[in-house]
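Participant: Encoded as structure tokens, here's the structure I'll be asking about.
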Amino acid sequence: MNAPIPFLDLRQPTGALRGAIDGAIARVLDRGQFLLGPEIAGLESEFAAWCGARHCAGVASGFSALQLIVRACGIGPGDEVIVPGNTHIATWLAVAATGARPVPVDPEPATRVIGAAGVEAAITPKTRAVFAVHLYGMPCDMPALGDLCRSRGIRLLVDAAQSAGAAIGGSRALCHGDAAAYSFYPTKNLGALGDGGAVVTDDPEIDAAVRLLRNYGMRHFADHPMRGVNARMEELHAAVLREKLRWLDDWNDRREAIARRYLGRLSAMPGTVAPAWPAGVRHAWHLFVIEVDDREAVRARLDAAGIGTAVHYPVPPHRTAAFAGTGPFPPLPVTDRLASRVLSLPLHPFLDTAEADRVMDALADAVRGEAR
Ligand SMILES: *Cc1c(COP(=O)(O)O)cnc(C)c1O
């Protein structure tokens, strides 16, 4: 019997870098400064450079990054922000937390991310921004969305929580719109040892506003220009993230190699729909998400074969109790269909080729209805 293949094992990245991580933690302990210090400043300049952006502000979480971007743009009660129907509920919650209303649009069925045609149809006189989500690591069509938003005078914001490393035509900068929110949640392509996030932007005003908002809206104890929150990043996390950032390109290359291997097998596997990978797109391959009929049965057979899977996401935000009564929502048939069919397979930098092949062997059996 082969060893089980978990969906993800977070001991692997920290284990691989254990010496460097221990050193980073020691650096912070020895300095005795734990919030908004030199490790954060270092991470901000290194991550901005890696992203091809002018500014980066470290914050407490991906959720904080999303919410502070909306507030930094002056968007709030009475405003509408277009969001994908299919996304992590955090995108919707962050918009709602500012008092603005999330207005969902269905994704395009092949790429599973929102496109300019769907967005254009949802724009109203109250629309102030579009939150593009590069879901699973697949970047939205940013040139088309950028043209649309510019012509309508609205902001193009990005939830980049799943897309560290994504690029279009070789440009990471093109994936950021007016401002992008990154999450350093431990499972993300660049993950902390806890919560963390960042706002990446070329706009000095958004950057300055986020820097104020993350720390109670104060410049110093006697100067409070806006009502901020506590969304500060921690030095310990920044120090560890700097060590991991050195490896992120290698890790993303490894994700891509596994994805390529999976796609080769899936092209000859009836009963599965593989993720789209358009030409010219660098996919961050945060998640490798297929579609299958009868998902729960396929999952159970994979589980019996020792293969861990996950579902991102089984209940779309418009079907949750959290957003009940906040509609009416437009029909979202693609979102609903995906929610019942998507299945995430193991894909991370520490999965070896033999394991990847075992995942595909077990999947082929599972979709044929055979147990292993
Ligand atoms: C993880 C994630 C978030 C939330 O990030 P946190 O750091 O957990 O707050 C938001 N949006 C998407 C698409 C995510 O995957």
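No lab work stands behind these numbers, since they all come straight from the coordinates. The shown structure was predicted, so the numbers you read here are calculated from the model rather than taken from an experiment. Glycine also receives a Cβ, built like all others from the backbone with ideal geometry; neighbour counts cover every protein chain displayed.
Participant: Go through the stretch 9-79 and name the trypsin sites (Lys or Arg not before Pro) that are in a DSSP coil and have 15 or fewer other Cβ atoms within 10 Å of their Cβ.
Facilitator: R54
Participant: A further question follows. Could you list the residues of the stretch 293-326 with an amide nitrogen less than 19 Å from a label point located 7 Å from the Cα of A354 in the Cα-to-C-beta direction?
Facilitator: Zone members listed by number: 305-308.
Participant: If you build a Gaussian network model of the chain, linking Cα atoms that sit under 10 Å apart, which residue out of A362, A354, A310 swings the most?
Facilitator: Among A362, A354, A310, the largest mean-square fluctuation in the Gaussian network model of the chain belongs to A354.
Participant: Follow-up. Tell me which residues come under 5 Å, amide H to amide H, from V133 once H is placed; ignore anything under 5 positions away on its chain.
Facilitator: Answer set, sorted by chain and number: I114, D159.
Participant: In the stretch 212-270, which chymotrypsin sites (Phe, Trp or Tyr not before Pro) fall in coil by DSSP and have 13 or fewer other Cβ atoms within 10 Å?
Facilitator: F221
Participant: Long-range amide H contacts for V105: which residues qualify at under 5 Å (H placed 1.01 Å from N, peptide plane, sequence gap of 5 or more or a different chain)?
Facilitator: V83, G85
Participant: Now for a separate question. How much mean residue ellipticity at 222 nm does the chain get from its helices, if each DSSP H run of length 4 or more adds -39500 (n - 2.57) and you divide by all residues, to the nearest 500 deg cm²/dmol?
Facilitator: Rounded to the nearest 500, the figure is -12000 deg cm²/dmol.
Participant: What number comes out for the charge environment of L213, summing +1 per Lys or Arg and -1 per Asp or Glu over other residues with Cβ under 10 Å away?
Facilitator: +4
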